[in-house]
Amino acid sequence: MIKRKLFVLCVVSAFVLVFSGGLYAAETLSLLTWKGYAPKNLVEKFEKETGITVKVTYSNNEEMIAKLRATRGAGFDLAQPSQDRISSVQEKYQIYQPIDMSKINAAQIIPSMLKAVQLNTMVNVKSHAVPFCWGTSGLIVNRKFAADAKDYSDLLNEAYKGRVSYRLKRPTLIAIAFAMGDDPFAKYSDVNAYQALMEKVGQALIDGKPIVKNYWTNGDALLQSMRSEEVYLAMAWDNGGWKLHVENSDIDFLAPKSGALGWIDTFAIPAKAKNIDAAYKWINFMLKPENAAQFTNMEKYGTASRGSIELTNVDIRGNFQRSFPQAAVDNIKWYPPVPAKLEEIEGKILDKVKAAK
Amino acid sequence: MLKGQKRWGLFFFLAPVVLWLFVMIVLPHIDLLIMSFRIENDEGQQIWSLKNYLNFFEEPIYWLTFARTAIYSILVTFLTFVIALPVAFYITKVVKPKYQGFLLVLLLLPFWVSELVRVYGWMILLRESGVINHFLLKAGLLKQPIEMLYRDSTMILGLVYTSMLFMVVPIISVLDSLDNSLIEAAYDLGANMWTILFKIIIPHATPGIVSGSIVVFMLTLGNYLTPNLMGGKNSLWFTEQIYNQFIASFNWNQGSAFGFLLLVLSSIVVWLGLKLTRQNLKKVVQ
């Protein structure tokens, strides 16, 4: 009997030890974000300033939504979805909580961007995000081999057979629709018209399948294949093109004739975030001009931080001047909020394209 | 019968496992099963329906993708078997016993890194600007580099490589019990290599081959990474279809229906395989 009691005591105390360990851990911030959005030196600086440990999980828009939907908004303290993917998701699944503007240092944020994001993420008269950074999707071109590429339609151009790469995701569908002279954003509200348009785009992508080398899924892998000159023309984010331009001046980002697609990534706090204070601290920290400038220097993306652009390196400003003359800036197509149902239509089209021979 | 104290101890140690299995595996599956029988109507409410399952049969891309996945998985299983049998035979019967352990470790070695790393390794070797092309160009065998990635054949290569070990190990364990004198006697009686292979070795090794095949088939069918990374533009795999439904289309109901279809259909394929080889599951899993 004594032996048994001793044994139970041992087991119980072992359990207590294991489970109490979690309670004494330091304060942490779990961040659900895109690759590159939490550079190591900024994370270290934040940890030194606040004593909060940052735990970063890399993801993309679709996975962020799926992850938060699965836990009904738990598990992360801060997420960084694009501003157009928030309102319809929030209406349906309630995975975010409203932003408490009193905790945000709004003076640090460019007012027009803040206002646009607040408006686009408004659900039940409460906004659910503040802007962090912005960029565009367009073409990365190797001028040595594809001097004439000008628009998304060149992704389907026979001349670049086997030398083209793009993602099989919704931005590609939108881009090809624009290149066909249509306006997908205007059809967002009309499900049937949008479906018809997407089917046309899907058919074009199926016809263009012999042209494409592969559908890239990983940004670094794409840059590698452009660097090794296996791919001459790709649809990708502007910062990738600028990163490559530093190594090889033939390669650069090009704002396509039918308009680069502009996105804004945000800060949004999941509904069941545990460490909300840390989340606000991180938001204010990242939007501080000197920190935002450091982020821009490294990742080449512009931020919503007011006054940070003056602190960035000269070549960053050169990037914008080279790729975005005023006309190209005016032609940027900013993503409006995506209504529900469209993702399902697009998903089916994308499946069809991938399955086609 | 266990004595009271022992049973109590067993219960105590089993409880976490049972609890874990129930909460983390059984409950979510029940949830998914329920989800797969529901759809969202136009008003945004969830209603009961068989539509998710009907979609699979009505939309050719879905069942064609499944058929493609199953056929390629069977092909991969067969190729793995063809490569694994000589390897297993060499390790158990030909090589000196003191090298057996060493050879097994060599087989195991690639599995000490994750599948992702192995696939990237293959990609570095096979890509257009990769190692193999580089040497072929240097040796003058090629004038232009060729793209060896993003083909069905590369994908099969990757899948076979990934599943090799799971075929070799069960075959080694059955060949161990094969009496060498049977093979010697057959040679004495004038049998050639092929007769010995088909009349002695394969019949003896069948339980191992079948259990290896089941593991390889299931692993290949459920693989996501290798087809996606090495297969390129035409390589839609059924698991990717499930992923797309969950992640890209936000349609969890359809995704769970696909998941259960994968479970049922692959079980049918395994059952058919067992029937055709006249094995029963009990014997095979021993």
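Values as computed for the structure displayed
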{"item": "The protein assembly as shown: radius of gyration and largest Cα-Cα distance (Dmax), Å", "result": "28.7, 94"}
{"item": "Estimated vicinal HN-Hα couplings, Hz - segment A:41-58 in sequence order (Karplus 6.51, -1.76, 1.60; Gly, Pro = x)", "result": "5, 6, 4, 5, 4, 4, 5, 5, 5, 10, x, 9, 7, 9, 10, 9, 10, 8"}
{"item": "Cβ-Cβ FRET estimate between B:Lys138 and A:Val246, R0 fixed at 35 Å, reported to 0.05", "result": "0.75"}
{"item": "Sequence-distant lysines (8 or more away, or on other chains) whose Cα lies within less than 18 Å of A:Lys257", "result": "A:Lys150, A:Lys333"}
{"item": "Reciprocal mean inverse distance between Cα atoms of segment A:118-200 - Kirkwood radius, Å", "result": "15.5"}
{"item": "Segment B:165-252: C-alpha gyration tensor shape, a/c 1.5 cut-off, then a/b vs b/c", "result": "prolate"}
{"item": "Rounded Å value of the spacing that divides the Cα centres of segment B:199-256 and segment A:22-67", "result": "33"}
{"item": "Potential extension, A:Ala340-A:Ala327 segment - 0.36 nm per residue separation minus Cα distance", "result": "1.5 nm"}
{"item": "Cα shape, segment A:262-326, gyration tensor, a/c 1.5 rule", "result": "prolate"}
{"item": "CD proxy at 222 nm, helix term only [per DSSP H run n ≥ 4: -39500 (n - 2.57); per residue of chain B; nearest 500]", "result": "-22500 deg cm²/dmol"}
{"item": "Per-pair calculated FRET efficiency, R0 = 45 Å: B:Asp188 and B:Val87 via Cβ, rounded to 0.05", "result": "0.95"}
{"item": "Euclidean distance of C-alpha centroids, segment A:141-198 and segment A:259-311, integer Å", "result": "29"}
{"item": "Coil-residue trypsin sites (Lys or Arg not before Pro) of segment B:127-203, DSSP, other Cβ within 10 Å capped at 15", "result": "B:Lys143"}
{"item": "Pairwise label distance in nanometres, A:Leu119 with B:Leu108, each label 7 Å out on the Cα-Cβ vector", "result": "6.4"}
{"item": "Contour excess over end-to-end distance, with Cα ends at A:Glu44 and A:Asn192 and 0.36 nm allotted per residue", "result": "48.3 nm"}
{"item": "Approximate shape of chain B as ellipsoid semi-axes (Cα gyration tensor, √5λ), whole Å, largest first", "result": "38, 31, 20"}
{"item": "Under-5 Å amide H pairs with A:Gly302, H placed in peptide plane, nonlocal only", "result": "A:Trp134"}
{"item": "Potential lengthening between A:Val56 and A:Glu290 on full extension [0.36 nm per residue; Cα-Cα distance subtracted]", "result": "82.1 nm"}
{"item": "Label-to-label distance, nm, for residues given as B:Asp152 and B:Leu197 (7 Å Cα→Cβ offset)", "result": "2.5"}
{"item": "Using a Förster distance of 45 Å, the FRET efficiency for A:Lys257-B:Met24 (Cβ separation, nearest 0.05)", "result": "0.30"}
{"item": "Neighbour-count ranking [beta-carbon atoms within 10 angstrom, fewest first] of B:Met155, A:Met101", "result": "A:Met101, B:Met155"}
{"item": "Alpha-carbon centroid distance for the pair segment A:77-107 / segment B:81-129, whole angstrom", "result": "49"}
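Every number in this text was worked out from the coordinates using simple rules, so none of it is lab data. The structure displayed is predicted, hence computed values, not measured ones. Neighbour counts run over all protein chains shown; Cβ positions are idealised from the backbone, glycine included.
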